[in-house]
Amino acid sequence: MVGCSRLESVLRAARRALSSSAGRRQRPLAAENPDRHRTAKSSFSCVQRIRQEQAKHSVLVACIRNVNENRFLKYLSQFGEVANHFFFDSRTEEQMLLLLDEHQLTEESLRLRYLVSSLMGDIATAYFPEATVQLYGSSVNSFGKMGCDLDLFLNLDIKESKPGKTTSAYTAEFWMRRMSSGRLAQQKILSVIGECIESFGPGCNEVQKILNARCPLIRFTHQSSGLQCDLTADNKIALISSELLYLYGNLDPRVRALVFTLRCWARVHGVTSYISGHWITNFSITLMVLFFLQKREPPVIPTLDQLKSLAGKFGAKTKNSLSTAKTARS
């Protein structure tokens, strides 16, 4: 690391390195093909040689505070062409945003998760034609990170008719025997779906029927996508909470960055763990962060009561607008 008193000496070293590189007119290997060392044709020794050549033409400079990075790069460029440059984020806010960008679910990962959900929906509709399989949890609440489990919800309570489907008061889509309790019905349904997933599910392995848990579920691994999936049959409250978290995560861009940072800190310091046990969960940490942001002065995000109040006002305005429009048409 370099302080203020040594900045000039470092700059002189940078000038010599850049001038020497420009004078020899050597071809910058990394600039020509950044992925060259990743190709199948590159041997181990070739990769080492390329990296060593890159190191000979690389300079690490630690700048003093409040140095404009673009101006500093422009200053260095007058001594020769800079093939590649990287700046370490010095501010905490920048580091938090970088952490969020590195760990959040990518567009490709989200599409893959919805594809798996669609495949499970095809299996479920073989027994329950009106059923749907929906995503909930970290995959859709905007707080999911790469590699998180895929939580699926088998929704059998479908009241809205599908587009283009004729309805009749005398049509029965499916029927099942009366069960002594709703929990027993869930277990029976999941047992049947689990058998079908194990026998016919494309790419589904390691199917486990965890039917005696507090919330009965089917756990399996989708080999093609590498996702571990949990399928439940009655978890509407989780679906609603996922929508609420999604709303909070999109109200202010700082919310998700703070949640991801606290989760990462908790994992590094052993507060949370990948192993099941008596640990605080990422979901609990997320709720704590949201509560903290609600209690700030001024609040960063609204409370649930405030959201309900706003929703009531919006509903009243919408109802009045519809009544006015109907009167005008009359």
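Below are the figures for this structure:
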read-out: Sum of side-chain charges, Gln208 neighbourhood, beta-carbon under 14 Å (Lys, Arg +1; Asp, Glu -1); value: -3
read-out: Extension gain, Ser273 back to Arg296 (0.36 nm per residue minus Cα-Cα distance, nm); value: 5.4 nm
read-out: Estimated FRET transfer efficiency when R0 is 45 angstrom, pair Ala311-Glu198 (beta carbons, to 0.05); value: 0.60
read-out: Estimated FRET transfer efficiency (Thr92, Ser45; beta-carbon r; R0 45 Å; 0.05); value: 0.60
read-out: Geometric extent, Cα atoms of the range 240-322 - Rg, Dmax (angstrom); value: 16.2, 55
read-out: Residue order, fewest to most beta carbons within 10 Å, for Ile301, Ile237, Ile197; value: Ile237, Ile301, Ile197
read-out: Net charge of neighbours whose Cβ lies under 14 Å from the Cβ of Arg113, counting Lys and Arg as +1 and Asp and Glu as -1; value: -3
read-out: Cβ crowding within 10 Å averaged over residues, with 110-121, 276-287, 145-156 ranked highest first; value: 145-156, 110-121, 276-287
read-out: Between the range 184-233 and the range 263-315, the alpha-carbon center distance in angstrom; value: 29 Å
read-out: The range 183-312: relative contact order in percent, alpha carbon pairs under 8 Å with at least 6 residues between; value: 13 percent
read-out: Translational diffusion of the range 183-259, µm² s⁻¹ [Kirkwood Rh, Cα pairs; Stokes-Einstein; 4 °C; 1.567 mPa s]; value: 90 µm²/s
read-out: Net charge, Phe292 excluded, C-beta distance under 15 Å - Lys, Arg +1, Asp, Glu -1; value: +3
read-out: 3J(HN,Hα) from dihedral phi, the range 208-224, Karplus parametrisation 6.51/-1.76/1.60, rounded to Hz, x for glycine, proline; value: 10, 9, 9, 8, 9, 6, 4, 10, x, 8, 10, 10, 8, 10, 8, 4, 5
read-out: Contour excess over end-to-end distance, with Cα ends at Gln208 and Ser191 and 0.36 nm allotted per residue; value: 5.1 nm
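Any read-out appearing in this document is the output of simple, stated calculations on the displayed coordinates, not a laboratory observation. Fair warning: this is a prediction, and the values are worked out from it, not measured in the lab. Every residue, glycine as well, gets a Cβ built from its backbone with ideal geometry; the counts of neighbours run over all protein chains shown.
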